[in-house]
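This report refers to the structure that appears directly beneath it.
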Amino acid sequence: MINSKLLNSIGFDHWAENYDRDVDKSNEMDRYPFAAYDKVIEEVLYRVKASGGKSVLDIGFGTGVLTKSLYDLDFKITGIDFSEEMYKIAREKMPNARLLIHNFQDGLSMEIANEEYDIAICTYAIHHLNYDEQCKFIYEVFENLREDGILVIGDVMTKSRTEMNYAMDIDGEIWDDSEYYIVVEELRNMITKREIEFIKKSYCSGVLIIK
């Protein structure tokens, strides 16, 4: 697996061909960073389908594994990702989806700035933003959601800082301390006037539903 500390868009381009294989390996071993990956994806899919909406904004679609499941169910897909190689892989899977090459660390693409969606999803991507940027990003996403829209985030995350430290201790040298993983109790203190539901999936992963 490529050291994620070295990853930028070019790094993800190089990782694209083997990304799904590495995710599967981490998932099967139930180890960071993709412990319980299949359960995380299953929960995100369930939440999207249960929302009753049909238009989905996928922020950081990667190779399109999750998005393809929604695409096949006739959801209207708009997605952004900063890796050209991952874009190419996802494009082959979803030829009619609206996929854009864009780094969401620079905010949402101007091409979608005035659009509205029923649901936004972000899986294994928001950790590239620091905690202040994550809050700004969440508020910005809601500007592109309809009044009853939801944001679903699946990633490395824990309920408390104690649990996060425990996960860091377990994984030692493979833990990427350059990334900013969500601690739900701390996020709740930063995001006001939003309902936040947390579903734990492993010792280091889970799903957030923000309304």
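Key figures for this structure:
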quantity	calculated
Chain lengthening between ASN114 and ARG21 when straightened (0.36 nm per residue, less Cα-Cα)	29.8 nm
Span-rule helices in the chain, defined as complete DSSP H runs reaching 18 Å or more along the axis (Cα) with Kyte mean at least -0.5	37-51
GNM top mover of MET110, MET168, MET94 - the chain, alpha-carbon springs below 10 Å	MET110
In Å, descending, principal axis extents of the Cα set of the chain	42, 40, 29
Taking N as its residue count, the alpha carbon Rg of region 120-196 over 2.2 N^0.38 Å	1.16
Region 59-134, Cα convex hull volume normalised per residue, Å³	93 Å³
Spin-label pair GLU173/LEU100, simplified geometry with 7 Å Cα→Cβ offset, distance in nm	4.2 nm
Rg/Rh (Cα only; Kirkwood hydrodynamic radius) as it applies to region 43-95	0.96
Percent accessible area from carbon and sulfur atoms, the chain, protein chains only, probe 1.4 Å	45 percent
Cross-link pairs LYS76/LYS211; LYS49/LYS211; LYS49/LYS93; LYS68/LYS200 - those with Cα-Cα distance over 18 Å	LYS76/LYS211; LYS49/LYS93; LYS68/LYS200
Burial order of peptide ranges 184-190, 85-91 (average beta-carbon count within 10 Å, highest first)	85-91, 184-190
Average accessible area per residue (Å²) across the chain - probe 1.4 Å, nucleic acids and ligands excluded	50 Å²
Residue with peak Gaussian network fluctuation, the chain [Cα springs, cutoff 10 Å], from GLU111, GLU179, GLU147	GLU111
Extension gain from GLU140 to SER160, taking 0.36 nm per residue of separation minus the Cα-Cα distance	4.7 nm
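The values are calculated or read from the model by the stated rules, or taken from the named source; none is laboratory data. Keep in mind the model is a prediction, meaning the values are calculated, not measured. As a convention, Cβ positions derive from the backbone with ideal geometry for all residues, glycine included, and neighbour counts pool all protein chains shown. Ligands, DNA and RNA are stripped out before the accessible areas are found, and what is left, the full protein with its side chains, is counted by its heavy atoms. Shrake-Rupley method; radii C 1.70, N 1.55, O 1.52, S 1.80 Å.
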